[in-house]
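Reading through the structure tokens given below for one structure.
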Amino acid sequence: MLVRENIGGLYVAHEHYIPIGDDPHGVAVLTGMNTREGCRRIAQYAFDYAVEHGRKKITVVHKANVLKALTGLFLETAREVARDYEGRVAVDDRIVDACAMQLVLNPWQFDMLLCTNLFGDILSDELAGLVGGLGLAPGANIGADAAIFEAVHGSAPDIAGRGIANPVSQMLAAGLMLEHVGAGNLAQRLNQAIRQTLNDDNVRTPDLGGHASTAVFTDALIARLG
């Protein structure tokens with residue numbers, strides 16, 4: 001489970017060019033921004049989620065050895081929040097490049113990852129690759145007053161209209177939505193049916209090595225739900 005701060009970091013896109021000689025784009029400058037309150041809010045969410053879902057450890061992902069202020073604040077604040085959960089949720093931290101390597105070598109050592117915006121964006125795709133691709137990766141954008149649930153990858157215009165898109169990521173995102181609104185029993189039914197369709201019935205779209213169309217997979221899933 002990866003928890004990603006979603007409105008700060010280097011993605012605030014405060015950027016501009018500095019002209020050098022005849023080159024108006026001689027230098028590109030980018031300013032990142034993290035707030036203590038934003039860091040605390042995402043860390044609090046991660047630890048509350050861990051307690052509610054029986055997770056045992058959170059790994060804070062950072063680059064505080066180089067980005068000492070921008071990601072140092074994120075790491076420092078996460079450690080402060082972690083003190084309130086001592087004895088319930090373990091916490092450690094990992095520099096982002098080391099974390100990326102360790103995810104490939106031994107992903108089972110991790111339980112939850114808590115990431116800044118940029119690092120969460122990158123590592124979420126790596127996690128998707130570890131479990132079969134972006135077609136299996138759901139996402140949830142959860143704010144104080146609203147939430148949006150979607151496939152991590154967004155749209156896939158290169159295969160639009162061909163009927164071969166893998167719908168699992170969007171279906172799993174629907175499961176996250178069901179959990180969010182308190183319908184955990186329905187989410188469990190949906191997730192179980194997806195696992196059975198993929199693993200027991202071996203109905204899979206081409207990105208997973210199968211031959212099923214989107215419609216064929218969906219019909220098989222509906223049969224399982226029935």
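Numbers for the structure displayed
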{"item": "Number of positions in region 196-226 that are in a helix (DSSP H, G or I) and either closer than 19 Å to Glu150 by Cα or of a type in the set (A, V, I, L, M, F, W, C) (or both)", "result": "13"}
{"item": "Selection from region 142-168 of residues that are farther than 25 Å from Arg41 by Cα and of a type in the set (A, V, I, L, M, F, W, C)", "result": "Ala156, Ile159, Ala160, Ile164, Ala165, Val168"}
{"item": "Selection within region 5-46 - closer than 24 Å to Lys57 by Cα and of a type in the set (Phe, Trp, Tyr)", "result": "Tyr45"}
{"item": "Among (1) exposed (fewer than 15 other Cβ atoms within 10 Å of the Cβ); (2) assigned to a helix (DSSP H, G or I); (3) not β-branched (Val, Ile, Thr), the one test that Lys68 misses", "result": "(2)"}
{"item": "Residue check for Gln196: of a type in the set (S, T, N, Q), over 26 Å from Gly38 (Cα atoms) and in contact with a strand residue (DSSP E or B) (Cβ under 9 Å, 6 or more places away or on another chain)", "result": "no"}
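Residues are listed down the side, and each one gets a yes or a no for (1) in the same structural domain as Phe217 (by TED's automatic domain parsing); (2) under 29 Å from Pro206 (Cα atoms); (3) more than 14 Å from the chain's Cα centre (by Cα); (4) not hydrophobic (A, V, I, L, M, F, W, C):
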residue: Cys99; (1), (2), (3), (4): no, no, yes, no
residue: Asn106; (1), (2), (3), (4): no, yes, yes, yes
residue: Asp111; (1), (2), (3), (4): no, no, no, yes
residue: Leu114; (1), (2), (3), (4): no, no, no, no
residue: Gly120; (1), (2), (3), (4): no, yes, no, yes
residue: Leu123; (1), (2), (3), (4): no, yes, no, no
residue: Glu126; (1), (2), (3), (4): no, yes, no, yes
residue: Ala140; (1), (2), (3), (4): yes, yes, no, no
residue: Ala144; (1), (2), (3), (4): yes, no, yes, no
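The values are calculated or read from the model by the stated rules, or taken from the named source; none is laboratory data. Bear in mind that the values here come from a model prediction, so they are computed numbers and not experimental data. No Cβ is skipped: glycine too gets one built from the backbone with ideal geometry, and neighbour counts run over all protein chains shown.
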